[in-house]
Amino acid sequence: MSEREDELVFETVLDAPSEKVWRALTIPEFRDRWLQPPADVSVELEPSSSDNLLTFRWSERNEESRVTIELTPQENGQTGFRLTHAPLSVPAAANSNE
């Protein structure tokens, strides 16, 4: 379950070692083939000191969001994969009088 209502969270297990998944997500040519962002979307990897957590700034039109990917190595050589997509700001409703 997501901590925030406006987050989308997807979880799965990938049939590949975490090192291979990490490489696919951190090398721009591989990342763009794997994530397949639309032409009008900018994806920028944010610096991280963790070897199992990646955060991307995802810019589309005038909206920005953060995509965080957490990798968890499994004993059987697979990789737990958790993707969280959260907007950086939530627009107010037109009738909110804000």
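The values are calculated or read from the model by the stated rules, or taken from the named source; none is laboratory data. The structure displayed is predicted, hence computed values, not measured ones. Because the Cβ atoms are built from the backbone with ideal geometry, glycine has one as well, and the counts that use them run over all protein chains shown. Please note that ligands, DNA and RNA were not included when accessible areas were found on the heavy atoms of the full protein model with its side chains. Shrake-Rupley method; radii C 1.70, N 1.55, O 1.52, S 1.80 Å.
In a DSSP loop and with at most 16 other Cβ atoms within 10 Å, the trypsin sites (Lys or Arg not before Pro) in the stretch 8-98 are Arg61. Counting protein heavy atoms only, the stretch 1-84 has 47 percent of its accessible area on carbon and sulfur, 1.4 angstrom probe. Scalar couplings 3J(HN,Hα) for the stretch 33-44, obtained by applying the Karplus form with A = 6.51, B = -1.76, C = 1.60 to θ = phi - 60°, are 5, 7, 7, 6, x, x, 4, 8, 10, 9, 10, 10 Hz; x denotes Gly and Pro. Note on Ser49 and Asn62: their simple-model spin labels are 3.7 nm apart, each label 7 Å out from Cα toward Cβ. Sparsely packed loop sites in the stretch 40-86 (the GluC sites (Glu not before Pro) outside DSSP H, G, I, E and B with at most 15 other Cβ atoms within 10 Å) comprise Glu75.
Taking all protein chains together and a 1.4 Å probe, the residues Ser42, Ser89 rank Ser89, Ser42 from largest to smallest accessible area. Averaged over its residues, the chain has an accessible area of 73 Å² per residue, based on protein heavy atoms and a 1.4 Å probe. The residues packed around Gly80, meaning those with a beta-carbon under 13 Å from its beta-carbon, carry a net charge of -3 if Lys and Arg are +1 and Asp and Glu are -1.
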